[in-house]
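Down below is the structure, laid out as structure tokens.
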Amino acid sequence: MRNKLVSVIIKDQIRSQVILNRSRFIILAKGIEELFPSETEETYFILYCKEGFIISPNRGKLYGKFCNIKKEMSKICNKKKTHLSSSDQEINLNHEDYKDSLTWLKNNIEPDVTLHKLWKATASYRLKDKNNNMLNTYIALSKPTGHIFIDIDFNYMYVGKEMSLFEKFPIFKEKLKVYLEIKEINISKSLIDKLIAPYRPGDDDIAVFQILPYLFQPFSIIVQKPPKNTRTIGASKIEQAAAFISNATNANDLKKVQSDKINKAFSLGLTVQPFVVFVGESDLDENISNNPLSFYTVVYETYYKVETILKAFDVCFKSFHTLNLKYRFEAEQVWKFIQEYFYKIPENRGET
């Protein structure tokens with residue numbers, strides 16, 4: 001009966017477009033206690049409490065029913081593959097509610113249930129601030145599993161596109177094999193062999209990403225250097241490929257790969273953008289099958305270790321969009337091809 005009661009109340013409040021903030025939940029809970037003497041308001045709503053940096057979020061039957069109904073409404077909208085408008089998503093949340101949730105996210109990385117729930121609930125609010133460095137602001141992104149939150153934000157930004165790379169990649173790989181048979185491309189024979197006859201499972205997937213940069217002609221950009229100097233910088237196809245995918249012989253070389261990228265970017269007056277690196281022997285020798293590979297997406301100082309090269313590129317691509325970062329200039333046109341071909345996202349994505 002309590003569940004039926006809160007269902008009737010919350011649905012009525014939503015239909016009436018009442019703003020369901022903390023004050024409203026308190027009023028409703030007190031009203032139930034007054035109407036039904038056997039009930040206590042704590043059963044229906046308990047206000048969040050804060051001890052130091054530890055925050056216990058709002059809870060109670062009224063709040064729980066509200067969250068469940070809101071989740072079901074979102075599922076219905078996602079099935080229609082339409083974005084909820086900003087007003088729809090925030091209809092029952094005010095600035096104060098978001099502020100409390102963001103404070104919790106800035107200072108906590110567990111429990112996971114609360115972390116995931118608040119991350120999803122605050123997506124529209126967090127992603128509005130294009131100038132905010134989320135990686136420095138929200139410590140959950142620095143966890144080894146922080147790429148999960150990049151996935152969540154990307155799914156919010158581009159509903160229905162979260163699996164685009166995985167769905168289209170097998171067809172693209174077969175088309176690339178045909179293309180290389182009829183088109184002469186200046187790449188090493190070992191890369192083509194790796195694509196056609198991989199020694200290890202997944203070697204052909206790596207070969208696709210290693211070959212891809214060689215299909216595009218590099219271009220130059222103008223860089224502003226203080227105080228008022230400008231210079232034009234360009235990249236060779238080898239530099240284009242190195243900016244797109246890197247290889248480290250062992251885990252100890254990961255830091256060196258990143259350090260080299262930082263030094264090069266600094267010398268050009270640029271910053272290091274997210275990149276993909278696979279760790280392990282890349283040459284096709286007789287012992288290669290005994291050397292398992294590891295895959296990483298590197299975003300600033302954070303290393304996301306993932307299961308496959310496909311996942312590494314998926315996380316890397318999504319990090320550009322969710323963290324509002326630019327593509328590395330040497331490989332910009334390769335990333336834009338991935339953006340438009342695999343994810344069907346228009347070029348004018350509003351990067352800063």
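Computed from the coordinates by the stated procedures, all read-outs in this text should not be read as laboratory data. Only a predicted model underlies this, so the values are computations on that prediction, with no experimental measurement involved. For neighbour counting, all protein chains shown are included, and Cβ atoms are generated from backbone atoms with ideal geometry for every residue, glycine included.
Do any of Lys237/Lys326; Lys128/Lys255; Lys4/Lys130 go past 31 Å between their Cα atoms, and which?
Where the Cα-Cα span goes over 31 Å, the pairs concerned are Lys128/Lys255; Lys4/Lys130.
Set the Förster distance to 35 Å, then compute FRET efficiency between Phe337 and Lys305 from the Cβ-Cβ distance, nearest 0.05.
The calculated FRET efficiency here is 0.85.
With all pairs of different alpha carbon atoms counted, what Kirkwood hydrodynamic radius in Å does the stretch 141-211 show?
One decimal place: 14.4 Å for the Kirkwood radius.
Take every Cα-Cα pair in the stretch 1-49 and report what % of them are more than 15 Å apart.
Here the long-distance tail beyond 15 Å is 45 percent of all Cα pairs in the stretch 1-49.
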